[in-house]
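The values are calculated or read from the model by the stated rules, or taken from the named source; none is laboratory data. From a predicted model like this one, the values you see are computed outputs, not experimental measurements. All Cβ positions, even for glycine, are placed from backbone atoms using ideal geometry, and neighbour counts span all protein chains on display. The area values use the complete protein model at the heavy-atom level, side chains included, leaving out ligands, DNA and RNA. Shrake-Rupley method; radii C 1.70, N 1.55, O 1.52, S 1.80 Å.
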Amino acid sequence: MSSADKNLSVFITDGLPDISKKKFAILVAEWNSEVTEKLFDGAYQTLLQYGASAENIERGNVPGSFELTLGAHWFAQRYDIDAVIALGVVIQGETKHNDYINHAVAQGITNVSIQHSKPVIFGVLTPNTMEQALDRAGGVHGNKGDEAAMTAIKMIGLKETINTDQISS
Ligand code: RBF
């Protein structure tokens with residue numbers, strides 16, 4: 001399925017873990033905040049809907065998507081945080097800068113996730129236009145924030161299944 005056809009708010013929800021005691025951090029980029037606030041609302045509500053408690057969800061803001069990596073690193077290094085969700089919007093075509101930001105953040109977030117061995121979710125929209133961004137932030141294609149939160153939940157479940165405590169480093 002191409003991403004254009006996918007509804008970001010429709011999931012397979014079999015076998016989700018109990019997240020009532022799990023702690024989440026949601027990072028929100030302030031660039032394109034009219035979209036990133038919708039992503040935040042989606043992620044926050046999805047975590048609540050699937051069993052997280054509000055006091056276990058922390059929010060941090062960063063100026064732009066480029067700063068998501070360091071913000072994620074700071075949250076991820078806390079032992080009590082189980083998963084980090086990084087939300088941003090980089091509109092392609094407005095500037096060549098987008099290539100640098102997208103690649104840096106994708107790579108940076110991957111590195112943070114591996115380094116801390118916990119889910120750090122790339123919830124960054126990279127559309128060509130603002131309209132496409134809004135379509136994926138609670139519009140016709142659902143909400144990337146919902147999908148990012150569900151990805152965090154599923155990765156927490158997978159980690160429990162694999163029982164990574166048993167693996168030597
Ligand atoms: N940050 C975003 O989250 N989305 C953007 O679309 C975006 N576009 C940018 C375009 C330019 C030309 C510059 C200089 C920055 C942009 N940023 C964007 C901000 C970037 O992520 C970072 O916050 C700043 O570069 C830090 O000074």
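Only one of these is out of contact with any Phe, Trp or Tyr (no Cβ under 7 Å at 6 or more places or on another chain) and either touching a residue at least 40 places away in the same chain (Cβ under 8 Å) or closer than 29 Å to Asp14 by Cα (or both): Ile81, Ile85, Ile156. Name it.
Of the residues listed, the single one that is out of contact with any Phe, Trp or Tyr (no Cβ under 7 Å at 6 or more places or on another chain) and either touching a residue at least 40 places away in the same chain (Cβ under 8 Å) or closer than 29 Å to Asp14 by Cα (or both) is Ile156.
How many residues does the stretch 7-36 hold that are open to solvent by less than 70 Å² (accessible area, probe 1.4 Å) and closer than 22 Å to Val105 by Cβ?
Matching residues across the stretch 7-36 total 11.
Out of the residues in the stretch 89-131 that are surrounded by 18 or more Cβ atoms within 10 Å (Cβ to Cβ), part of a loop (DSSP other than H, G, I, E, B) and within 13 Å of the ligand (Cβ to nearest atom), state the one that is modelled with the lowest pLDDT.
Checking each candidate, the answer is Ile91.
Under the condition of being within 20 Å of Met150 (Cα to Cα) and more than 11 Å from the ligand (Cβ to nearest atom), which residue from the stretch 74-88 is surrounded by the fewest Cβ atoms within 10 Å (Cβ to Cβ)?
Asp80
Can you pull out every residue in the stretch 132-147 that is over 17 Å from Leu27 (Cα atoms) and part of a strand (DSSP E or B)?
Within the stretch 132-147, Gly138, Gly139, Gly142 meet the criteria.
Output the number of residues of the stretch 32-62 satisfying the condition of being in contact (Cβ under 8 Å) with a residue 24 or more places away in the chain, closer than 11 Å to Leu87 by Cβ and not charged (D, E, K, R).
Matching residues across the stretch 32-62 total 11.
Across the stretch 50-73, what is the number of residues that are assigned to a helix (DSSP H, G or I), crowded, with 16+ Cβ neighbours inside 10 Å and away from the ligand (no atom under 16 Å from the Cβ)?
1
Among the residues of the stretch 1-49, which ones are hydrophobic (A, V, I, L, M, F, W, C), over 20 Å from Pro119 (Cβ atoms) and within 16 Å of the ligand (Cβ to nearest atom)?
Trp31, Val35
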